[in-house]
Amino acid sequence: NSRQRLHLLHMDLCGPMRIASINGKRYVLVIVDDYSCYMWVHFLRSKDEAPKVIKTFLKWITVLLQSPVIIIRTDNDTEFKNQVLKEYFDSVGISHQVSSVRTPQQNEVVKCRNQTLVEAARIMLIFSRAPLFLWAEAIATACFTQNRSIIHRRFNKTPYELINGRKPDISFLYVFEALCFPKNDRDDIGKLGAKGDIDFFIGYSADSCTYRVYNRWKKKIMETMNVSFDELLAMAFEQRILKPGLQSMTSGQISSGLDLIYAPSTITTQQPTEGELDLLFEALYDDYIGG
């Protein structure tokens, strides 16, 4: 086991998903810190984007945490084992360990975390009746929540506390697809719509300390803090009015790759079936089982 954060990072790329996300992504890059079990997820349109996304992430995280990445462990696929990443790893002194072909257990840490993210996202999509093209939003929200709630057995602390050195503030967390309403006491009300317009909470911004909300009628995602949540329809979860805790979130520490974009014109509000969800996440299940 690693004795410090960023000493060893596990990486895995899953996909392609059968249904593109709301912003056209079909792949999920999952990164797990071996010491803390903290996770980051990035969403890609194609495998070719992987080297650039990985290089950008490594530069960002080493500056943010002021710690060097020593080892990266991946499978043997070309999105990780290529000349671009080899040259970069050599230039910054990172050791790249790869697993043998058809031996996913050698990269079991990230494979297992993939499974927990998929199962959480499935549950969120089922109970929220959210459109399937919001699967990336569900995975990103599951990642954000698990980093702040799962207890690391070795340290009896959350991944967030281990990676950041302080306990997380969870007072601003809400249930996926919880009803929320735009307030009319600020300038951005024009962006969200008239008073009484109904939106659905779908996660946390990757670029600012705001909520991401989806309007099914306007087929649009917006990022804002200027909303009120419906506490009566929160499925017995304790809900609280927006608190300063959201202000303390560091920009960039929330999963990235979720661009603001218009949704497809055809939207279903029917609850997805088990079969539809199995097909949606088939690539991730196959990756977990077969490597």
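The values are calculated or read from the model by the stated rules, or taken from the named source; none is laboratory data. Quick caveat, the model's predicted, so the values are computed rather than measured. All Cβ positions, glycine included, derive from the backbone under ideal geometry; neighbour counts span all protein chains shown.
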Checklist entry - Does the stretch 38-50 contain at least one residue that is in contact with a Ser or Thr (Cβ under 8 Å, 6 or more places away or on another chain), at pLDDT 95 or above, of a type in the set (Phe, Trp, Tyr) and within 22 Å of CYS112 (Cβ to Cβ)? => result yes
Item to check | Residue that is nearest to GLU137 (Cα to Cα) [pool: residues in the stretch 25-45 that are without any contact (Cβ under 8 Å) to a residue 60 or more places away in the chain and in a loop (DSSP other than H, G, I, E, B)] | outcome: ARG26
Checklist entry - With ARG18, ARG3 as the choices, which residue is in a loop (DSSP other than H, G, I, E, B) and touching a residue at least 60 places away in the same chain (Cβ under 8 Å)? => result ARG18
Next on the checklist: Take residues that are exposed (fewer than 15 other Cβ atoms within 10 Å of the Cβ) and more than 23 Å from the chain's Cα centre (by Cα) and tell me which of the helices (runs of 4 or more DSSP H) falling wholly in the stretch 46-140 contain 1 or more.
Outcome noted: 83-92
Next on the checklist: Would you confirm, using the coordinates I've provided, whether LYS81 is of a type in the set (D, E, K, R) and closer than 20 Å to PHE281 by Cβ?
Outcome noted: no
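Return the only residue of LEU29, LEU117, LEU44, LEU13 being under 26 Å from PRO131 (Cα atoms) and touching a His at 6+ places or on another chain (Cβ under 6 Å). First the steps, then the outcome.
Working: LEU117 fails: touching a His at 6+ places or on another chain (Cβ under 6 Å); LEU44 fails: touching a His at 6+ places or on another chain (Cβ under 6 Å); LEU13 fails: touching a His at 6+ places or on another chain (Cβ under 6 Å).
Checking each option against the conditions leaves just LEU29.
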